[in-house]
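> Once you've had a glance at the structure underneath, I'll fire off some questions.
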Amino acid sequence: MNLMNKEIVELVLRVAAAQSAVLPRPIEITKGAEAGLYGPGGVLDSMALVQFIIEIEAALEEKFGVTVTLASERAMSQRRSPFLTVGSLAAYAEELLKEAGNPAQ
């Protein structure tokens, strides 16, 4: 795990911890990058996922100064959803930040 990915995982876990307070079942943040978000093993339903993505996008923009759109046709058309785990979401966000020309890479 590179430094940027580690920072994104930590950011996603912080948002997950905050969001867990309003979820019927909390996100298991103690699992770190392996914590399930959506789909099999995940705790977010589609409405909670939308709110979670909005929070992550805002946190990424604040941290890295780059606007990225996580929920897009590209994300939805992937064979393996980037929203399954904290780690898969962090990897996808890192990819988008690099493509957007994030100066922190």
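Each reported figure results from applying straightforward, stated rules to the coordinates on display, with no laboratory input. Predicted model only: the values in this text are computed from it and were never measured. Cβ coordinates were reconstructed from backbone atoms using ideal geometry, including for glycine residues, and neighbour counts include every protein chain displayed.
> Of everything in region 15-28 that's among the β-branched types (Val, Ile, Thr) and either in a loop (DSSP other than H, G, I, E, B) or touching a Ser or Thr at 6+ places or on another chain (Cβ under 7 Å) (or both), which residue is surrounded by the fewest Cβ atoms within 10 Å (Cβ to Cβ)?
Val22
> Considering only residues of region 37-79 that are among the acidic types (Asp, Glu) and part of a helix (DSSP H, G or I), which is nearest to Ala16 (Cα to Cα)?
Glu55
> Of Leu89, Leu84, which residue is in contact (Cβ under 8 Å) with a residue 60 or more places away in the chain, of a type in the set (A, V, I, L, M, F, W, C) and surrounded by 15 or more Cβ atoms within 10 Å (Cβ to Cβ)?
Going through Leu89, Leu84 in turn, the sole match is Leu89.
> Within region 24-33, is there a residue that is of a type in the set (S, T, N, Q) and closer than 26 Å to Ala100 by Cβ?
No, region 24-33 has no match at all.
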